[in-house]
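Encoded as structure tokens, the structure appears first; notes follow it.
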Amino acid sequence: MKSHVFIWLLKITSLFEISAFRFGCPGYRKLKAGKQFFPPRLEQSRISPIFALSMETFSEDIRNACEALKGGGLVLYPTDTIWGIGCDATDEQAVKRVYELKKRTDSKAMIVLLDAPAKLERYVEEVPEMAYDIVELSDNPITIIYPEGKNLAAGLLAENKSIAIRITREIFSKTLCETFRKPVVSTSANISGEPSPRSFSDISDEIKNGVDYIVQYGQTDTAPKKPSSILQLNLDNTVKIIRI
């Protein structure tokens with residue numbers, strides 16, 4: 001049954017890719033070595049000028065965001081949930097800057113984004129088997145708290161060494177993680193205690209002025225967003241629901 005569901009999901013994904021390019025879905029494009037790569041089924045000559053322009057903005061955003069991250073900077077970027085403040089998840093000083101900007105105590109751990117389940121083993125000491133099933137079959141963004149993190153900034157780990165990681169499928173955040181080749185912090189773009197932004201227009205000037213780069217892609221998307229669900233997964237594959 002599980003294999004049939006997985007095959008069905010792959011078919012749906014393939015159909016979405018075709019539709020996204022055919023109807024000009026903004027920003028849907030793979031990046032590699034800073035160049036544009038379109039699927040064989042779509043000739044670049046068929047791309048409208050408006051779509052091509054949005055692709056150039058997308059590409060520029062990825063390059064600039066990566067440069068900021070490499071330099072220990074903070075970026076304001078769209079994710080698979082709400083807009084987030086991001087930094088290199090392996091850079092201790094960058095992580096401290098995020099806590100300072102949000103005026104948040106470092107006892108409250110932050111979420112880390114990865115672009116593929118295969119990379120979990122690099123940053124989790126032991127990945128519960130059920131984690132891959134949850135990630136593979138979930139329709140909505142789910143953050144999983146794993147028992148023990150590794151190879152990440154110490155400030156991202158909870159007191160018990162657990163770490164919260166989400167595999168993103170959203171095009172910008174996924175491409176950012178792929179291109180940067182490291183995990184990226186994702187914490188809500190707000191001062192601690194204030195409401196999370198449901199769109200870019202809800203983000204305060206204090207947050208915008210405190211980052212090193214603000215991504216242009218996705219700013220005009222006014223569809224309300226919400227945080228992900230959060231599950232705590234133990235090594236014996238028992239699950240505790242933290243947030244639905």
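Can you go through ARG169, ARG181 and tell me which one is on the phi > 0 side of the Ramachandran plot, at pLDDT 95 or above and either small (Gly, Ala, Ser) or open to solvent by 60 Å² or more (accessible area, probe 1.4 Å) (or both)?
After ruling out the rest, the residue left standing is ARG181.
Sort through ALA131, ALA89, ALA118, ALA94 and tell me the only one that's modelled with pLDDT of 95 or more and open to solvent by 30 Å² or more (accessible area, probe 1.4 Å).
From the options ALA131, ALA89, ALA118, ALA94, the qualifying one is ALA118.
Would you confirm whether any residue within region 203-223 is open to solvent by 50 Å² or more (accessible area, probe 1.4 Å), out of contact with any Cys (no Cβ under 6 Å at 6 or more places or on another chain) and at positive phi?
Within region 203-223 (the criterion being open to solvent by 50 Å² or more (accessible area, probe 1.4 Å), out of contact with any Cys (no Cβ under 6 Å at 6 or more places or on another chain) and at positive phi), the answer is no, since none of the residues qualifies.
Please work out which residue is farthest from the chain's Cα centre (by Cα), limiting yourself to region 196-214 and to residues that are assigned to a loop (DSSP other than H, G, I, E, B) and closer than 10 Å to ILE85 by Cβ.
Only one residue fits best here, namely GLY210.
The values are calculated or read from the model by the stated rules, or taken from the named source; none is laboratory data. As the structure is a computational prediction, the values presented were derived from the model and not from experiment. All Cβ positions, glycine included, derive from the backbone under ideal geometry; neighbour counts span all protein chains shown. Each accessible area value is taken on the protein alone, full model and side chains, heavy atoms only, with ligands, DNA and RNA left out. Shrake-Rupley method; radii C 1.70, N 1.55, O 1.52, S 1.80 Å.
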